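Student: Quick one: the structure is below, and I'll ask about it shortly.
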Amino acid sequence: MKPLPHHLATAAASVEGQRLAVLDVLRGVAVLGILLMNIQSFGRFSSEYLNPKALGEPPPLDWAVWIVSHVVADEKFITMLTVLFGAGIVLMARNAKGSAEDFERRFRRRMAWLFVFGLVHGLFVWPGDILAAYAVCGVIAVQFRHRPADTLVRLGLLLYAGGTVLWLAFSAGLIFLLPTEWLQFLISQYWTPTAEIVYAELNRLTFGWLASTGERAVNALGAQAWMFASDRGWRMLAMMFLGMALMQVGFISGQWPLRGYCRVAVFGLALGIPVVLAGFLFNELVVDWDFRYSMFLGRIANHWASIAIALAWIAIVILLVRHSVLGQAMHALEAVGRLAMTNYLGQSILCAGIFYGVGLGLFSRLGYAQLLGVVVLVWAVQVGFSLLWRRFHGVGPFEMLWRRLASG
């Protein structure tokens, strides 16, 4: 093949570098954005995450914050991060040296260690971990990296639809099949918990945090298995397929024309936000947060709308980068994205120190509006740390450890 002229080769390298910068900025936005919802899991009782009225009517300001967070963030940033994970599989495969078998062997080793990181994180720090699920889905997704984009999209939609059918079956079971005594047990345990359940959770996470390590690990293992089988396994693999397809067609790497990103941003928000609001109004006005209807059926609207809104956020970020609107914020987000794993785990470490008994023990003491202040504080710490670390190192501390372990 005839080599490119020098000025064209330089331009091509510049574009490739710009694409990588876009990916890092997107990861930075996704990792920071995911805390908007995770903070509720860290700082409030577990039942309140899905049922905001689990412990009664929230104050008006807290209620407004919950609604806005639900519309713009709930499932949106984890969807965005998962799409980017799938895109990263395609990028790694493109840049891999050696045979396809060598790449797959190295990738499986990376996923094995990612699973270990996630397992430790989920069992001993925070039960909402996503890394272990990413590792399992990643091992499956990599086998489809050579499939055409349209095939990947169809597979992703099929998986997403399969998860929805499962949720509809769960809903039917809760409404028509589950014995009353079993239903009441589930409600008192997980939806509108009794005083004894509330106190037990408060004690595990504050007063007896270290003493309850074994109990928390067992509970977390069960929660992780349930979430993967009922939700995450379907959704994450589907969104990885979508990310792989969008990487193939140049959407995520910033190669589309500006009008294409404008359309995705406008249509994504115009379609997604009304659907989310419809699901919220169903829960609030139609079934009044009845466990039988809201636990699964009432979440389906947000489940699907999160795809449209997540793609809109991706398009908006790429537009901002392409128009050089972000300024210095772009460098900060890029640094956070380069340390995505470190910052994701770092959020758990910081929040454990703020909310749990190992630190300040502020669990359950802050409302939704006050939790936003904690989010801003954690963001500031992570942006500052990421910028400082990037001045001296190419990758983050956890990324560095992961790379060394996976290299054997």
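The values are calculated or read from the model by the stated rules, or taken from the named source; none is laboratory data. Predicted model, so just to flag it, every value in this text is computed and none were measured. Note that each Cβ is placed from the backbone with ideal geometry, even for glycine, and that neighbours are counted across all protein chains shown.
Student: Given the structure, is D102 more than 28 Å from L35 (Cβ to Cβ), at pLDDT below 95 and either in contact with a Gly (Cβ under 7 Å, 6 or more places away or on another chain) or not aromatic (F, W, Y) (or both)?
Tutor: yes
Student: Then there's this: At pLDDT 95 or above and aromatic (F, W, Y) - does that describe any residue in the stretch 153-162?
Tutor: yes
Student: May I ask you to list pairs of residues, at least six apart or on different chains, whose Cβ atoms are under 8 Å apart, with the first in the stretch 52-79 being closer than 16 Å to A30 by Cα and modelled with pLDDT of 95 or more and the second being buried (at least 21 other Cβ atoms within 10 Å of the Cβ) and of a type in the set (S, T, N, Q)?
Tutor: Taking only residues 6 or more apart or on different chains, the pairs are S69/Q40; H70/N302; D74/N302; D74/S306; E75/N302; E75/S306; K76/S306; T79/S306.
Student: Are there any pairs with C-beta distances below 8 angstrom linking a residue in the stretch 87-113 that is free of Cβ contacts under 8 Å to residues at least 60 places away in the same chain and of a type in the set (A, V, I, L, M) to a residue that is in a helix (DSSP H, G or I) and loosely packed, with under 14 Cβ neighbours inside 10 Å, with the two at least 6 apart or on different chains, and if so which?
Tutor: That search, which allows pairs on different chains as well, returns A96/D102.
Student: Would you check if G396 is farther than 30 Å from L269 by Cβ, surrounded by 18 or more Cβ atoms within 10 Å (Cβ to Cβ), modelled with pLDDT under 95 and in contact with a helix residue (DSSP H, G or I) (Cβ under 8 Å, 6 or more places away or on another chain)?
Tutor: Yes; evaluated as a whole, the condition is true for this residue.
Quick grid of which residues meet (1) out of contact with any Leu (no Cβ under 8 Å at 6 or more places or on another chain); (2) closer than 30 Å to A141 by Cα:
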residue	(1), (2)
A200	yes, no
A211	yes, no
A225	yes, yes
F228	yes, yes
G233	yes, yes
M239	yes, yes
A245	no, yes
G250	yes, yes
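Student: Given the criterion closer than 30 Å to L258 by Cα and at pLDDT below 95, identify the matching residue among L326, L333.
Tutor: Every option except L326 fails the conditions.
Results for (1) in a helix (DSSP H, G or I); (2) surrounded by 20 or more Cβ atoms within 10 Å (Cβ to Cβ); (3) not small (G, A, S), shown as yes or no for each residue.
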residue	(1), (2), (3)
G272	yes, yes, no
L277	yes, no, yes
G298	yes, yes, no
I309	yes, yes, yes
L333	yes, yes, yes
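Student: Determine if the stretch 134-149 includes at least one residue that is modelled with pLDDT of 95 or more, in contact with a Ser or Thr (Cβ under 9 Å, 6 or more places away or on another chain) and not hydrophobic (A, V, I, L, M, F, W, C).
Tutor: Looking through the stretch 134-149, at least one residue is modelled with pLDDT of 95 or more, in contact with a Ser or Thr (Cβ under 9 Å, 6 or more places away or on another chain) and not hydrophobic (A, V, I, L, M, F, W, C).
Student: So, one more: Taking only pairs six or more apart or across chains, which ones have beta-carbon atoms under 7 Å, a first residue in the stretch 193-209 that is crowded, with 16+ Cβ neighbours inside 10 Å, and a second residue that is in a helix (DSSP H, G or I)?
Tutor: P193/S47; I197/S188; I197/Q189; R204/E215; R204/R216
Student: Then there's this: Take V83 and decide whether it is outside any loop (DSSP other than H, G, I, E, B), free of Cβ contacts under 8 Å to residues at least 60 places away in the same chain and either closer than 30 Å to A369 by Cβ or under 19 Å from the mean Cα position of the chain (by Cα) (or both).
Tutor: no
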